[in-house]
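Quick notes on the structure that follows.
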Amino acid sequence: VTDPLAPPPPEPLDPAARARLRARVLTDVDTVPPTSRGRWAVPVAAAAAVAVVATMAAVVGLSSPGDRTQEAPLGGAVPSTASASPATDPATTPSASTTSLPVLPDEGGVATSEPGTLLPGSGASAPEDCAGELRFVLRGAEPVVELAGEASTATFVVKGDRWAQCTVGPEAVTVAGDREVTATYARDDATPWQVSSDISDFRRSSMTLLFVAGGPLPEGVTAITYRFPGGAVEEAVTATDDQGRTWWRMEHVATDGVLADPGRNQLELDPIEVTIVSGGGTDTVLLDWGTDTCAQLNHGC
Amino acid sequence: MSPPEDTVTERSEAELATALRSGEREAVAVLFDRHAERIYHHCFRLTADRSDAEDATASTFLEVWRHHHRVHVHDGSALPWLYGVATNVCRNLTRSRRRHLRAVARIGEPVAEPDHADAAVDRLDSEHRMREVLAAVDRLPQRERDVVALVAWSGLTYEEAAAALDVPVGTVRSRLSRARQRLARSAATGPTDEGTTP
């Protein structure tokens, strides 16, 4: 067994590679605007290099008022009550990384529930990036649970009877929600399922779109599935906080196809199809591009 | 890690941080010249792939520019903060590839391209060895892997790692301690079916 603390000795960065990287960095610096701290009025330009994250807000109760009782987790898996630790990774990059990601996504694929990170019910603070953004939404809200995806991490925060979702992605921090935990919606109401979308170009080679949705799991719901134009399907994952409230989250990363085509007019795409399975049956809600895909509260689309 | 040894004409890292915060592009170039090598090594240890490490290194300094207002100087050096940025960049880069790496590790020796150059052989060997190391720590929680990479692999002090990860020093100590315990238990029980080499 390899000694895990003994990586191979470092090899110098090839001078040619170093020169190439330096030129690349400086070219990017000349073309990429720095990120502003205050994003509230920042329209997210469609241009490359500006980052994006999509967050969506979802809320509660389909057929009956949502409450704080424990819900059946999606996919039948039992949400983890993993170790409690305030998420405080560096606020250095917009990368998701500002939050701790102690639990990696389930290897079983997108169609399974995966454990989240249970956060202390009181006295905890949101990740620094989120704290900055939440000053304008739910100031003083406390994180209750964290769910990590492939490219971003969502921290759900609660203040009184209201909740919000803060998503730290590769480039941007997105806040959505600011709704009542116990709010209820008509079965055909798209509000709880709306997504916000951002564009990321952090790898330079291609544009990446990130869609994130989430919220308190409506009572009785056992599965939430998103089908995107192009055929990609994502199933929501869940985690339960220390008060027994179950939260769901969906993340979709598009790196190719119609969604990641810079020349594509999103308004001409087919709607996103959301399928919600509950004890009362199966509902399908269509999300229209523009109106239902820009749910974030802290920056434009 | 001590602050870079500046000559009279070189600016301190605190001065560079100030310049960076004010939007001076040249500060990024200076930081790159000073620290790209170490950031590259860190990224290689996190990705086990030289090409990815190069991409991540470039992305790290681009992130530095994009978020220049957040630059931190710890004990006279911006390097811990850079390590934190790089850790985040590499985490995003590697997350989607983790399954592939596991699969490669299970398969065993990678098939080398026909190339008799010593450098190419060394490169493949180094990447393969690093994949084995990553596979060994793959079952650690991400936060513990980060600490192992920073402290055990890159040689940061606890204080520097704490600055890089923006966590208390005690958290770094406890995470490293837990990581060592997990790894010791794993070594005692032998390799498992996932995340280890055959």
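Summary of values
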| item | result |
| --- | --- |
| Index of the failed condition, A:GLY220 passing every other in (1) surrounded by fewer than 24 Cβ atoms within 10 Å (Cβ to Cβ); (2) out of contact with any strand residue (DSSP E or B) (no Cβ under 6 Å at 6 or more places or on another chain); (3) farther than 22 Å from A:CYS130 by Cα; (4) not aromatic (Phe, Trp, Tyr) | (2) |
| B:ARG175 vs. criteria of a type in the set (Lys, Arg) and touching a residue at least 24 places away in the same chain (Cβ under 8 Å) | yes |
| Residue list for the stretch A:120-146, filter: among the aliphatic types (A, V, I, L, M), modelled with pLDDT under 75 and crowded, with 20+ Cβ neighbours inside 10 Å | A:ALA126 |
| Yes/no for A:SER205 being over 18 Å from A:ASP292 (Cα atoms) and at pLDDT below 85 | yes |
| Residue match in the stretch A:206-213 (condition: touching a His at 6+ places or on another chain (Cβ under 9 Å), assigned to a loop (DSSP other than H, G, I, E, B) and either over 25 Å from B:ARG66 (Cβ atoms) or small (Gly, Ala, Ser) (or both)) | no |
| Hits in the stretch B:7-21 - residues which are surrounded by fewer than 22 Cβ atoms within 10 Å (Cβ to Cβ) and within 11 Å of chain A (Cβ to nearest Cβ) | B:ARG21 |
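Quick grid of which residues meet (1) touching a Ser or Thr at 6+ places or on another chain (Cβ under 9 Å); (2) at pLDDT below 90:
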site	(1), (2)
B:VAL85	yes, no
B:LEU124	no, yes
B:ALA135	yes, yes
B:ASP146	yes, no
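The values are calculated or read from the model by the stated rules, or taken from the named source; none is laboratory data. No experiment lies behind these values; they were computed from the predicted model shown. All Cβ positions, even for glycine, are placed from backbone atoms using ideal geometry, and neighbour counts span all protein chains on display.
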